[in-house]
Amino acid sequence: MATTLTNDIALRLRIEALFADYVHCIDDDALEQWPEFFTEEGIYRITSRENLALGMPVSLVYCQGRGMMADRISALRTANIYEPHTYNHGISALKVLSVTADGIRTQSNFAVFRAMADGAMSLFNCGRYMDRIVEENGALKFAERLIVLESRRIDTLLVIPV
């Protein structure tokens, strides 16, 4: 049993490190590195709690594959017009739901605080990350990252990844 507990703790620490690296990449504006947290065909999707509960497949944002994610960052840097702002993520209540041949399924809570160029700060959004994580070449990667927002109301563009 001690070996199983040790393996569970080691796995949890690796997942927590993945999450920390992911949010620091976003919060530090190293967005060109963001697609590397996903498998080549990884899925990044944002939906509302309401849509998920109703079984509606509608997404506020949907990217399949690193290419789509890289295009999103390229557009953010060169084409999108939005008021400059930064994020600061908080992640809590990590729960490892299952570990199977298909990957590691996790759920965690998040809150994203936004700071505007004029110094105003606010809670931008909060919700749950629902992930399927796989190991590739010794590194954990997101095969699927479903972001479930508590509210369907977004007061500005979802420009920067959540």
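The values are calculated or read from the model by the stated rules, or taken from the named source; none is laboratory data. Quick caveat: nothing in here was measured; it's all calculated off a predicted structure. Quick reminder, even Gly has a Cβ in these numbers, built from the backbone with ideal geometry, and neighbours come from all protein chains shown.
Scan the range 145-161 and tell me whether some residue there is small (Gly, Ala, Ser), out of contact with any helix residue (DSSP H, G or I) (no Cβ under 8 Å at 6 or more places or on another chain) and surrounded by fewer than 15 Cβ atoms within 10 Å (Cβ to Cβ).
Within the range 145-161, the subset small (Gly, Ala, Ser) is 151.
Retained after the next criterion (residues that are out of contact with any helix residue (DSSP H, G or I) (no Cβ under 8 Å at 6 or more places or on another chain)): none.
Scanning the range 145-161 turns up no residue that is small (Gly, Ala, Ser), out of contact with any helix residue (DSSP H, G or I) (no Cβ under 8 Å at 6 or more places or on another chain) and surrounded by fewer than 15 Cβ atoms within 10 Å (Cβ to Cβ).
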Mind checking which residues of the range 35-72 are in contact (Cβ under 8 Å) with a residue 60 or more places away in the chain and β-branched (Val, Ile, Thr)?
THR39, ILE43, ILE46, THR47, VAL61
Any idea which of (1) closer than 18 Å to MET69 by Cα; (2) assigned to a strand (DSSP E or B) is the one VAL162 doesn't satisfy?
(2)
For ALA111, indicate whether it is surrounded by 11 or more Cβ atoms within 10 Å (Cβ to Cβ), closer than 23 Å to ALA17 by Cα and touching a Gly at 6+ places or on another chain (Cβ under 6 Å).
yes
Top-ranked residue in the range 78-102 [being of a type in the set (A, V, I, L, M) and free of Cβ contacts under 8 Å to residues at least 24 places away in the same chain; ranked as surrounded by the most Cβ atoms within 10 Å (Cβ to Cβ)]
LEU97
Selection count, the range 94-145, where residues are farther than 16 Å from GLU36 by Cβ, among the charged types (D, E, K, R) and more than 12 Å from the chain's Cα centre (by Cα):
5
Residue under evaluation ALA139, criteria (1) modelled with pLDDT under 95; (2) within 17 Å of PHE19 (Cβ to Cβ), criterion not met:
(1)
Out of the range 146-159, which residues are in a loop (DSSP other than H, G, I, E, B) and either closer than 19 Å to LYS95 by Cα or within 16 Å of the chain's Cα centre (by Cα) (or both)?
GLU150, LEU158, VAL159
